[in-house]
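The values are calculated or read from the model by the stated rules, or taken from the named source; none is laboratory data. Note that the structure is a prediction, hence the values are computed from the model and not measured. Positions of Cβ are backbone-derived with ideal geometry, glycine not excepted, and every protein chain shown enters the neighbour counts.
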Amino acid sequence: MTDQFQGIEPMVYKSKINVPYSWWAGDTASKFYLTLRDEKKITATKCVACNKVFLPPRKVCPSCFTENTQWVNVSDEGTLITFTIARRQFAAIPSDRKVPVIWGLIKLDGADTAMLHYLDEIKPESVTIGMRVKAVFSEGRKGNIRDISHFKPVSRV
Ligand SMILES: [Zn+2]
């Protein structure tokens, strides 16, 4: 601080800023989103060296650093690994989602890693780790992760 500000009381004001921004998703994420939007298929990358299947897709295998050049389709059904419930409407929750909001870490059949997404069509008190869930695709898909609206429990008929 220069001498000209000495003796001046620092004033602090609280405010909010809204900063729109855009960025390139990259070739790996772009391919994933385009397939999701145009074909309603969930795709993952596979490491040809250690055979791990990554969802969300990874350009490079984080285990052995091999470039993942192989794409595979994974199921739209999987297992709930863990979950959390938000009971307060905070900024990270889109306005079309009302609390309680349930986020689940879901490992789809055919993948070795899990993806984070919404769980819906179930009461929070009914959610259990290990339950089977299925993707529900959005009607107006736009090429982003919300092209999967949410996951719902697999009905046991
Ligand atoms: Zn690998």
>> For the stretch 81-119, which positions are among the hydroxyl-bearing types (Ser, Thr, Tyr), more than 17 Å from PHE137 (Cα to Cα) and modelled with pLDDT of 95 or more?
In response: THR82, THR84, THR113
> Taking strands (runs of 3 or more DSSP E) that do not extend beyond the stretch 34-147, which have at least 2 residues that are among the β-branched types (Val, Ile, Thr)?
Replying inline: 42-46, 70-74, 77-86, 101-108, 132-137
> Which of the residues spanning the stretch 142-157 are surrounded by fewer than 17 Cβ atoms within 10 Å (Cβ to Cβ) and more than 16 Å from LEU105 (Cα to Cα)?
Replying inline: LYS142, GLY143, ASN144, SER155, ARG156, VAL157
>> Given the criteria closer than 29 Å to THR28 by Cα and in contact with a strand residue (DSSP E or B) (Cβ under 9 Å, 6 or more places away or on another chain), does ASP120 qualify?
In response: yes
>> So, in the stretch 9-58, how many residues would count as being of a type outside the set (Lys, Arg), more than 16 Å from the ligand (Cβ to nearest atom) and either surrounded by fewer than 12 Cβ atoms within 10 Å (Cβ to Cβ) or more than 14 Å from the chain's Cα centre (by Cα) (or both)?
In response: 21
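Kindly indicate whether ILE85 is away from the ligand (no atom under 16 Å from the Cβ), of a type in the set (A, V, I, L, M) and touching a helix residue (DSSP H, G or I) at 6+ places or on another chain (Cβ under 6 Å). Steps first, answer last, please.
Numbers: away from the ligand (no atom under 16 Å from the Cβ): yes; of a type in the set (A, V, I, L, M): yes; touching a helix residue (DSSP H, G or I) at 6+ places or on another chain (Cβ under 6 Å): yes.
Criteria met by ILE85.
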> Are any residues in the stretch 78-96 of a type outside the set (Val, Ile, Thr) and either closer than 20 Å to ARG58 by Cα or within 15 Å of the chain's Cα centre (by Cα) (or both), and if so, which ones?
Replying inline: GLY78, LEU80, PHE83, ALA92, PRO94
>> Being over 21 Å from PRO100 (Cβ atoms), of a type outside the set (Gly, Ala, Ser) and without any contact (Cβ under 8 Å) to a residue 24 or more places away in the chain is the filter here; which residues of the stretch 123-153 pass it?
In response: GLU139
